[in-house]
Amino acid sequence: MKSNSHNVLALSALFIALFIMLLPDIAEARGGSFGGSRGGGGFRGGGRSFSSPRSSPTKSFGGTRSTGGRIGSSSPSVGKSSFGGSRMSNNSQYTSRYGAPRQSTPMTRTGANGMQQNYVVHNYGGYGSGLMTGYMLGHSSWMWGMPFHPAYYYSRPYEVVGANGVVEVYPPTFSFGQFFFTMLIMGLVIWLIIRIFKSRKSSNNGYGSQSSFN
Amino acid sequence: MPTLSIESNGRLEKTAIYYNGQQVTGVKELMINLDEDGTFDALIQYQGTDGQIHNKQIFADYLSNIKTVEPSFTEEDANELQLLTVESEGDIDSCGVFINEEMVDGIISLYVHIQAGQNSESKSSLLSLFKPKKVVNMVGSSFKSEITFRNEDNSTETEEIF
């Protein structure tokens, strides 16, 4: 009975420790940097004027490319290859939740097929935007896919392919589902390890640690 | 002179064997059968530090590779346990029996047989981890301890030691 309560305490402490470790990121995802209204044009840019997503560069336009077929398609060739973002049907899904971006930066990247693709990167500041920059620049690490790294609990950057073919990119958001599911799996693994050690111990010594007979 | 002590309350879970003052572990079976007629059987079977099972005469053989541990019972525990000590050079004439550190005399026979059972559970599998906890069923365990005295009126009396 006593050891059971110790187990529960140990597991609870583990969950609390992990929760505290990720608390800054959770708080950030809840609205620390995101959401609300933009004040003063953002701290990074100072007095810079930023182009709005819809008035982003159009020099990549032209030729025979058709954007019509790609919007909403399941396997778009543009916007997916660089950093594997998540598609949104329109940017209002994101902005209605997190507000207007602090900064919107146009960017051109060459895709895997050698064609140039225009992006507009919407920066909201905070950890999610840092991750987005990492994904955009191809600086992601294998550690981001590990549960001990906060990036693991974030989604991929969100993409919206505009009618003009420009891909708008929004920062990843904290995934509570992923967080709790991972905690559940980790708790299960830890519980299994404890059970295995305990069952081994009891099979090695059927009479307890005080007896000379085992 | 080799000394063997058994500290117990009659249950295997609370039984410690001391050989020359050191608590031993890995014991599988212990049998002491002493009789005033000259019977002197004192055998121990244990799993040694080499992982092998050893069968030895307690007072005649050297208990090689026997595993020793720190004493597991506290003074408080010891108050609730009986301590039987036998010291001998391997024969009945040089044999002294002590119960709770007091020498006893008038013994006709002493019989102690303690055997650890085998866990009847099959090998634990991954699925068994999810099953509710069962009481470990140790099959074949045995704990007998009897001492027979001759009283002053020549009557005999048999008592349980632990």
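Can you go through A:A151, A:A112 and tell me which one is in contact with a Ser or Thr (Cβ under 9 Å, 6 or more places away or on another chain), without any contact (Cβ under 8 Å) to a residue 60 or more places away in the chain, surrounded by 19 or more Cβ atoms within 10 Å (Cβ to Cβ) and over 30 Å from B:Q23 (Cβ atoms)? Exactly one residue qualifies, and that residue is A:A151. Screening B:G117 against (1) within 14 Å of another protein chain (Cβ to nearest Cβ); (2) surrounded by fewer than 17 Cβ atoms within 10 Å (Cβ to Cβ); (3) at pLDDT below 90 leaves a single unmet condition, (2).
Quick check on the stretch A:111-139: of everything there that is among the polar types (S, T, N, Q) and modelled with pLDDT of 80 or more, which residue is farthest from A:T182 (Cα to Cα)? Among those that are among the polar types (S, T, N, Q) and modelled with pLDDT of 80 or more, it is A:Q116.
Scanning the stretch B:36-80 for residues that are without any contact (Cβ under 8 Å) to a residue 40 or more places away in the chain, touching a Gly at 6+ places or on another chain (Cβ under 9 Å), under 16 Å from B:S5 (Cα atoms) and within 14 Å of chain A (Cβ to nearest Cβ) turns up just one, B:Y46. Looking at A:P101, A:P106, just one residue is assigned to a loop (DSSP other than H, G, I, E, B) and either away from every other protein chain (no Cβ under 14 Å) or over 14 Å from the mean Cα position of the chain (by Cα) (or both), and that residue is A:P101. Evaluate the following for B:E7: is it in a strand (DSSP E or B), in contact with a helix residue (DSSP H, G or I) (Cβ under 9 Å, 6 or more places away or on another chain) and closer than 18 Å to B:S141 by Cα? Answer is yes for this residue. Among residues of the stretch A:127-144 that are under 17 Å from A:S175 (Cβ atoms), those with a beta-carbon under 6 Å from a residue that is charged (D, E, K, R) and modelled with pLDDT under 85 at least six positions away or on a different chain give the pairs A:Y127/A:D25; A:Y127/A:E28.
The values are calculated or read from the model by the stated rules, or taken from the named source; none is laboratory data. All values derive from a computational prediction rather than experimental measurement. Ideal geometry is used to build each Cβ from the backbone, glycine not excepted, and the neighbour counts take in all protein chains shown.
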